[in-house]
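Q: So that we are looking at the same thing, I have put the structure below in structure tokens.
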Amino acid sequence: MKRYRLREEMNGIDEPPGKVWFWELAAGVIDADRCIQCGTCVAACPSNSIGINEDTFLPELVKMCTGCSLCWDFCPRGGLRYEALWPPSTTAEPSEDDVVRVDSSDTYWKITGGPPAEGLGAVVEKYAVRASTRTDGVQDGGAVSALLIALLAAGEINGALVAKPSDDPEEPWKGIATIARNPEEVLAAAGSFYNQTMALAELDLAKYKLGPNPKIAVVGTPCEIQGIRAMQARRWPTGAHRVDSVVLTIALMCTKSFDYEGLILKELRDRRRVDLDRVEKIDVIHGKMIVEYRDGQLAVDEPVKNFHGSALKGCDECADFLGRSADISMGSVGSMSGWTSTIIRTERGLAAFERARSKLDVRTMDDPDALVRLDNLDKRIAFRSLERTFDPDAPLFVDYEDHIRDYADSDRHAVVSAR
């Protein structure tokens, strides 16, 4: 569709060649129900022309589009070839000689890529980890929270992009993006939220008063880390969003995230009559959706497939469960309950981990192969989603119960917070 019809009618000037406009991103991703709500397009726009619609919580144009193409180029569901961001892979059980130590001497990642999907990806070290001192509300041992608090105390970062509970009483159990600047704010963001938060839009740091050269850690789903890596790989005026301030990325292993209204309000509150004010914890593990009240009563204990109607459709296209482009990847799969599987992928990630090591219990990861198995399953789902692009009648859904023996501790969905 021509966007300059009136100008052409007035002066005969053709539309400039080679441009991609926000309207094309909207048509191909947002209106097509493929948006994964990562916020990359908002952060990428050099003219600050993209905002967030208050009603739909989706990207929208708030002032004139200049046709720079960057929102399309960096969108994980648009023009971004995110697998090109992955550093060279090592084996699932790397020997000392196999370890790939990725150069992270400057802020900007190099789009070089490597073998696209082998084993666990780039591995410097891998462990099962938990916080030495447990606090209430953490999800899988509190390892991410402990890591962030240690980095803040050491002055390695000024803040961390995480998710905290919404202050709106009409939005119970909704995570919203925030920059945590002290241990109290990190702990207030502990636990998991099963909705995306347009997180990268929060990299407009002006309201946080962090000074001229802030250092930020980003904790997010693999797609959010993909957006960060792509933007760091290409220098351009970034508008109000301080992509240059990101010095550490932590990917939370993820197979799928959910629409907040669809999952929390419609499925849990309205259909299952869950009293959200009494809920202590929401979790997706072992192929089940678990909702637990503060008194220990299980409000929901069902196969997660019952909730796939409220999942974000764009998640089906993602084959990056492991967060391969992050400095550190963390999640529950592959470790016993109460511990966090931790894959350190870069020298920057290793330096951050060593800073926090005294605050962590660290031991050998229980079952790295469980991570590889779920990663393979995730890729099959993504492949089937691609098939549906050409054949709408092709089957998409992979029944997790059919794979429960092979992936017993592997059905883990997106979390968008420090744990």
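Q: Any residue in the range 191-209 that is assigned by TED's automatic domain parsing to the domain that holds residue 268, among the small types (Gly, Ala, Ser), surrounded by fewer than 24 Cβ atoms within 10 Å (Cβ to Cβ) and outside any helix (DSSP H, G or I)?
A: no
Q: Might you check whether a residue that is of a type in the set (A, V, I, L, M, F, W, C), out of contact with any Leu (no Cβ under 8 Å at 6 or more places or on another chain), part of a loop (DSSP other than H, G, I, E, B) and farther than 30 Å from residue 341 by Cβ occurs anywhere in the range 42-58?
A: yes
Q: Let me ask something else. Take the residues of the range 275-319 that are acidic (Asp, Glu) and within 20 Å of the chain's Cα centre (by Cα): which is surrounded by the most Cβ atoms within 10 Å (Cβ to Cβ)?
A: 316
Q: What are the residue pairs meeting all of these: first residue in the range 276-291, first residue more than 14 Å from residue 194 (Cα to Cα), second residue surrounded by fewer than 17 Cβ atoms within 10 Å (Cβ to Cβ) and at pLDDT below 85, Cβ atoms under 6 Å, and 6 or more apart or on different chains?
A: Between residues of the range 276-291 that are more than 14 Å from residue 194 (Cα to Cα) and residues that are surrounded by fewer than 17 Cβ atoms within 10 Å (Cβ to Cβ) and at pLDDT below 85, the close pairs are 287/404.
Q: Another question, then. In the range 140-180, which residues are more than 14 Å from residue 219 (Cβ to Cβ) and of a type in the set (D, E, K, R)?
A: 156, 167, 168, 170, 171, 174
Q: Next question. The conditions are (1) modelled with pLDDT of 95 or more; (2) under 19 Å from residue 34 (Cβ atoms); (3) buried (at least 24 other Cβ atoms within 10 Å of the Cβ), and residue 218 fails exactly one of them. Which is it?
A: (2)
Q: Which residue out of 243, 218, 279 is assigned by TED's automatic domain parsing to the domain that holds residue 337 and closer than 17 Å to residue 174 by Cα?
A: Only one candidate qualifies: 279.
Q: Could you say whether any residue in the range 273-289 is of a type in the set (D, E, K, R) and part of a helix (DSSP H, G or I)?
A: Taking every residue of the range 273-289 in turn, at least one turns out to be of a type in the set (D, E, K, R) and part of a helix (DSSP H, G or I).
Q: Please specify each residue of the range 118-162 satisfying the condition of being in contact with a Gly (Cβ under 9 Å, 6 or more places away or on another chain), surrounded by 23 or more Cβ atoms within 10 Å (Cβ to Cβ) and more than 24 Å from residue 334 (Cα to Cα).
A: 161
Q: If you don't mind, another one. Check the range 88-101 and report whether any residue there is of a type in the set (D, E, K, R), assigned by TED's automatic domain parsing to the domain that holds residue 361 and either modelled with pLDDT of 90 or more or within 19 Å of residue 371 (Cβ to Cβ) (or both).
A: Looking through the range 88-101, at least one residue is of a type in the set (D, E, K, R), assigned by TED's automatic domain parsing to the domain that holds residue 361 and either modelled with pLDDT of 90 or more or within 19 Å of residue 371 (Cβ to Cβ) (or both).
Q: Residue 252 versus (1) in contact with a Lys or Arg (Cβ under 7 Å, 6 or more places away or on another chain); (2) touching a residue at least 40 places away in the same chain (Cβ under 8 Å); (3) not acidic (Asp, Glu): which is the lone unmet condition?
A: Here residue 252 clears every test but (1).
Q: Looking at the range 311-339, which of its residues are outside any loop (DSSP other than H, G, I, E, B) and at pLDDT below 95?
A: Within the range 311-339, 311, 313, 314, 315, 316, 317, 331 qualify.
Q: Filter the range 252-272 down to the residues that are of a type outside the set (D, E, K, R) and assigned to a loop (DSSP other than H, G, I, E, B), then identify the one that is farthest from residue 311 (Cα to Cα).
A: 253
The values are calculated or read from the model by the stated rules, or taken from the named source; none is laboratory data. These numbers come from a predicted model, not from an experiment. Note: ideal-geometry Cβ built from the backbone for every residue, glycine included; neighbour counts use all protein chains shown.
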